[in-house]
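Trainee: Pasting a structure here, questions to come.
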Amino acid sequence: MASAPAVAAKGDTRRRLGWAPYALLAPSLVYLAVFFALPMVNAFGLAFQSEAGGYSLEPVRRMLGDGRFGDALRTTLLLVVIIVPIQFAVAMSMALVVNARLRGTDLWLYIFALPLGISELAAGIVWFSIFTEQGWLNSFLTQLGVLDRPFIFLNYQRPVLLILTIVVAEAWRATSIIMVILVAGLQGIPRDYLEAADVFGATPWQRVRHVILPLLRPSIRVALILRTILAFQVFATVIALAGSATNVLAGEAYRWYQNLRDARVAAAYATLILILSVASTVLFLLLLPTEEDRSA
Amino acid sequence: MGGRWPYGLTSVSLTRRQALQLAAGAAALGLTGCAPSAREATEEQSEGSLVLISTQFQPVQEAEKMRSAVLAEFGRKVEFLGEEQGPFEDRIRAEAQAGKGSVAVIGGQHGDLVGLAADGLLTDLSDLTQELSGRGFNPDYLELAKVGGDAPVYIPWAQASYLMVARKEAVGLLPQGADVDSLTYDQLAAWGQRIQQEQGSRRLGFPAGEMGLLHRFFQGHSYPSFTGALNTQFASAGAERMWQWMRDAWALANPQSTGYAFMQEPLQAGEVWVAWDHQARLIEALRASADDFVAFPSPTGPEGLGFMPVLTGLAIPKTAPDPDGAKDLIRYLTDPKQTATVARELGFFPPTATQQLPEDLDAGIRAEADAIAAQSTSQDAVASLLPVGLRDQSNPYNDVFRTTFDGIVLKDGDIGPVLAAKAKELQSVLDAVKAPCWQPDPESSGTCKVG
């Protein structure tokens, strides 16, 4: 609970600023409303619409009854569960390296951030050229003498391997976005805390565990939410690496809209992705409360 | 506090951090909620420029060749836009509804134009057809261009087909008694088997990737070859034999085939030694090293050599902003000089009755042209049309074939039950648009009945 003088002070600030903050917020709010909220609401409506335009559960029923639904849901959840923790661990290490202010920190940051500039599909194609039968990885391994003939990684009969290649490609492509958020968070941690920890003889691991991680919690939360939501939308990497051998929710939404020309079932898939995204967001908010949340 | 999250939009007392979370969340959620339909061309209709949208030559390199090589010498600026069949039709329909259009000319396969023609959205091109009669168009194509009516609604633009290409080293491994120019389906499988035995790898290849054209293999090649028909024999005994063949052949195909879209790439890389695909998706292999590859006709089955010629045409929507300019553009594009450029650059041939190919044609394109000529003039050829009259159901129609393949071949389902279930799906697709049968199925009085 905030105390009474604090509330009064807040009121003063509001009066002094007048309408200015709202005017500054307005453009982005309008943008979000028109380009995100409105299509979202429309898609939600479409997912529960009959062909005639009335309310109906038919699109949802068709989605659930589709032969590829189970596979798509399973693969998507599997990818999220594998990708997010791996990326988080790697991004955290990368962020600590960058933040350690070693010689050439800037160079590390640029190298780490490189995949950020590459589109999902382009990244998928790059990794396809690595994993394909006559690709870079096989050439490398056969030249080293590890393999005597190329090994087929992208084999529909080895779904686990196929998923691992997608995990590797996704980890390479999207780890840096988490890293950037974490680096920003790390740089906001006052050095006094770390110096205090040093004074009390903390080991590097203790510093990470008891000083950095707790103070980094808000950034970690944002990074995890963002990455999880994006992982639910994974699409182009899967298409590029696995083609028709595996399917994910976003791919099914595309297939129903583009190939099967049924925007309603596509919207049902989009709505499912939305629900999963919101659920994971709520989960992260509950699991990782900040100090502010606790005091509120 | 966590529970307040969904109401964040209405709350004004956000901390900066909350606002950041909200923006990130909303941005990501918005992406999932947004239907992927926002690919509208926004270029202004500037004075003197014409908009040409086409379901053909969509891939980036092909579109670039259209712009830089084919359209370059037309006196006016042309905005060339490649578009998928669905959005392509949607756009013309939307312009017709609005009563005002920006698209001058549309290019598509016969099947892409049928639906628009049936709804009376395309201009009668009798006068232009008459005027261009000296171009030597195949009379069958001019008949097709009437789309079942009295007047032609498009002008033939280019033709193409599907064929097979193999690496030279595979030819030495042909099974005994097999001739590459008159292969049977069984010999093709035996060939794959022998390559596997000698090389230790599965070297047949099919374009079974998400963007591949495997469904056309079933529709235009394997079904007609095994059954002499398509929809009317979808679940017949001949069809069961065909799927059994497919299952056997797939076991000899590179398991990466589920990712292949254009077979030219795995052929060039040596991942695949023998492949079937659309001529435009094989041409780069032949063009890069015609000496290393052979092009040859599709195989022959118990009912003949099924093959699917693809006719593309140019039409003018009734809402076209500048009909005279549009006609000029069609005159230009169907001129032998431009159709030769299309053959040279894009690997689609002129839609003429006799093979009219430029002298200076690349050896690879020449090889394809010869194989296709052999295919279409073969004694037991069974020509199929691309699906006709399916309108917005053409992708769902293709999807039935793809999911049948998934069910029987990838998931190893029992052929009979899978075909029985898929036959029902196929029938409901045909029923949805009341599509009559098309070649090679016999003519039907009403909606085509799946057999």
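Trainee: Somewhere in the stretch B:352-360, is a residue surrounded by fewer than 18 Cβ atoms within 10 Å (Cβ to Cβ), touching a Pro at 6+ places or on another chain (Cβ under 6 Å) and not assigned by TED's automatic domain parsing to the domain that holds B:A235?
Mentor: Checked the stretch B:352-360: at least one residue is surrounded by fewer than 18 Cβ atoms within 10 Å (Cβ to Cβ), touching a Pro at 6+ places or on another chain (Cβ under 6 Å) and not assigned by TED's automatic domain parsing to the domain that holds B:A235.
Trainee: Related question: Sort out which residues of the stretch A:274-291 are in contact (Cβ under 8 Å) with a residue 60 or more places away in the chain, part of a helix (DSSP H, G or I) and within 8 Å of chain B (Cβ to nearest Cβ), and write them in order of number.
Mentor: A:L274, A:L285
Trainee: If you don't mind, another one. Taking only the stretch A:32-45 into account, find how many residues are surrounded by 12 or more Cβ atoms within 10 Å (Cβ to Cβ) and out of contact with any helix residue (DSSP H, G or I) (no Cβ under 6 Å at 6 or more places or on another chain).
Mentor: The number of residues fulfilling the criteria is 7.
Trainee: Does B:A94 satisfy the condition of being modelled with pLDDT of 90 or more and in a loop (DSSP other than H, G, I, E, B)?
Mentor: In short, no.
Trainee: Here is a follow-up. In the stretch A:80-98, is there at least one residue being assigned by TED's automatic domain parsing to the domain that holds A:N247, among the small types (G, A, S) and surrounded by 16 or more Cβ atoms within 10 Å (Cβ to Cβ)?
Mentor: There is at least one residue in the stretch A:80-98 that is assigned by TED's automatic domain parsing to the domain that holds A:N247, among the small types (G, A, S) and surrounded by 16 or more Cβ atoms within 10 Å (Cβ to Cβ).
Trainee: Would you point out which residue out of B:V103, B:V147, B:V171, B:V114 is modelled with pLDDT of 90 or more and either buried (at least 22 other Cβ atoms within 10 Å of the Cβ) or of a type in the set (G, A, S) (or both)?
Mentor: Of the residues listed, the single one that is modelled with pLDDT of 90 or more and either buried (at least 22 other Cβ atoms within 10 Å of the Cβ) or of a type in the set (G, A, S) (or both) is B:V103.
Trainee: Mind checking which residues of the stretch B:121-147 are in a loop (DSSP other than H, G, I, E, B) and among the hydroxyl-bearing types (S, T, Y)?
Mentor: Once the filter is applied, which keeps residues that are in a loop (DSSP other than H, G, I, E, B) and among the hydroxyl-bearing types (S, T, Y), the stretch B:121-147 yields only B:T123.
Trainee: While we're here: Going through the stretch A:256-273 one residue at a time, which ones are more than 8 Å from every other protein chain (Cβ to nearest Cβ) and either out of contact with any Phe, Trp or Tyr (no Cβ under 6 Å at 6 or more places or on another chain) or free of Cβ contacts under 8 Å to residues at least 40 places away in the same chain (or both)?
Mentor: A:W256, A:R264, A:A268, A:Y269, A:L272
Trainee: So which residues in the stretch A:126-135 are within 12 Å of another protein chain (Cβ to nearest Cβ) and either hydrophobic (A, V, I, L, M, F, W, C) or part of a helix (DSSP H, G or I) (or both), if there are any at all?
Mentor: Answer for the stretch A:126-135, where residues must be within 12 Å of another protein chain (Cβ to nearest Cβ) and either hydrophobic (A, V, I, L, M, F, W, C) or part of a helix (DSSP H, G or I) (or both): A:W127, A:F128, A:S129, A:F131.
Trainee: Can you tell me which residue among B:V342, B:V382 is within 23 Å of the chain's Cα centre (by Cα), farther than 28 Å from B:G86 by Cβ and touching a residue at least 40 places away in the same chain (Cβ under 8 Å)?
Mentor: None of the other options fit; the residue is B:V382.
Trainee: Could you tell me which of the residues B:A275, B:A249, B:A295 is within 30 Å of B:D414 (Cα to Cα) and either free of Cβ contacts under 8 Å to residues at least 60 places away in the same chain or in a strand (DSSP E or B) (or both)?
Mentor: Just a single option satisfies the conditions, and that option is B:A275.
Trainee: Let me ask something additional. Of everything in the stretch B:185-216, what is surrounded by fewer than 16 Cβ atoms within 10 Å (Cβ to Cβ) and not in a helix (DSSP H, G or I)? Give them in sequence order.
Mentor: B:G200, B:M211, listed by residue number.
Trainee: For the stretch B:265-306, name all the residues that are over 30 Å from B:Q233 (Cα atoms) and surrounded by fewer than 23 Cβ atoms within 10 Å (Cβ to Cβ).
Mentor: Those that are over 30 Å from B:Q233 (Cα atoms) and surrounded by fewer than 23 Cβ atoms within 10 Å (Cβ to Cβ): B:E265, B:Q268, B:A269, B:G270, B:E284, B:R287, B:A288, B:S289, B:A290, B:D291, B:D292, B:V294.
Trainee: Among the numbered criteria (1) surrounded by 17 or more Cβ atoms within 10 Å (Cβ to Cβ); (2) touching a residue at least 12 places away in the same chain (Cβ under 8 Å); (3) out of contact with any His (no Cβ under 6 Å at 6 or more places or on another chain); (4) in a helix (DSSP H, G or I), which single criterion is violated by B:D406?
Mentor: (2)
Trainee: Taking A:I111 and the conditions (1) over 21 Å from A:A266 (Cβ atoms); (2) in contact (Cβ under 8 Å) with a residue 12 or more places away in the chain, which numbered condition does it fall short on, given that it satisfies the others?
Mentor: It is condition (2) that A:I111 fails.
So that you can scan it fast, the table gives a plain yes or no per residue for (1) at pLDDT 90 or above; (2) over 29 Å from A:R261 (Cβ atoms); (3) not hydrophobic (A, V, I, L, M, F, W, C):
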{"site": "A:A8", "(1), (2), (3)": "no, yes, no"}
{"site": "A:T13", "(1), (2), (3)": "no, yes, yes"}
{"site": "A:L17", "(1), (2), (3)": "no, yes, no"}
{"site": "A:P21", "(1), (2), (3)": "no, yes, yes"}
{"site": "A:Y31", "(1), (2), (3)": "yes, yes, yes"}
{"site": "A:L38", "(1), (2), (3)": "yes, no, no"}
{"site": "A:V41", "(1), (2), (3)": "yes, no, no"}
{"site": "A:A47", "(1), (2), (3)": "yes, no, no"}
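For every residue, the table says whether it meets (1) more than 24 Å from the chain's Cα centre (by Cα); (2) in a helix (DSSP H, G or I).
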site	(1), (2)
B:R402	no, yes
B:G413	yes, no
B:P417	yes, yes
B:A423	no, yes
B:L430	no, yes
B:P442	no, no
B:T447	no, no
B:V450	no, no
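Trainee: Just to be sure I understand, how many residues within the stretch B:149-170 are within 25 Å of B:L333 (Cβ to Cβ) and touching a residue at least 12 places away in the same chain (Cβ under 8 Å)?
Mentor: 14
Trainee: Next question. Surrounded by 13 or more Cβ atoms within 10 Å (Cβ to Cβ) and farther than 28 Å from A:L276 by Cα, is that true of A:E133?
Mentor: yes
This table checks each residue for (1) more than 14 Å from chain B (Cβ to nearest Cβ); (2) touching a residue at least 24 places away in the same chain (Cβ under 8 Å); (3) over 29 Å from A:E120 (Cβ atoms); (4) not in a helix (DSSP H, G or I).
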| position | (1), (2), (3), (4) |
| --- | --- |
| A:F140 | yes, no, no, no |
| A:R149 | no, no, yes, yes |
| A:F153 | no, no, no, yes |
| A:Y156 | no, yes, no, yes |
| A:L162 | no, yes, no, no |
| A:A169 | no, yes, no, no |
| A:S176 | yes, yes, no, no |
| A:M179 | yes, yes, no, no |
| A:D198 | yes, no, yes, no |
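Trainee: Looking at the stretch A:46-69 only, could you name the residues that are surrounded by 13 or more Cβ atoms within 10 Å (Cβ to Cβ), within 13 Å of chain B (Cβ to nearest Cβ) and without any contact (Cβ under 8 Å) to a residue 40 or more places away in the chain?
Mentor: Answer for the stretch A:46-69, where residues must be surrounded by 13 or more Cβ atoms within 10 Å (Cβ to Cβ), within 13 Å of chain B (Cβ to nearest Cβ) and without any contact (Cβ under 8 Å) to a residue 40 or more places away in the chain: there is none.
Trainee: Here's a check for you: in the stretch B:118-144, which residue that is at pLDDT 90 or above and of a type in the set (A, V, I, L, M, F, W, C) is surrounded by the most Cβ atoms within 10 Å (Cβ to Cβ)?
Mentor: B:L122
Trainee: Quick one: would you say A:R227 is in a helix (DSSP H, G or I) and either buried (at least 22 other Cβ atoms within 10 Å of the Cβ) or not charged (D, E, K, R) (or both)?
Mentor: yes
The values are calculated or read from the model by the stated rules, or taken from the named source; none is laboratory data. Every value quoted in this text rests on a predicted model; they were computed, and no experiment measured them. Counting neighbours? That spans all protein chains shown, and the Cβs are built from the backbone with ideal geometry, glycine included.
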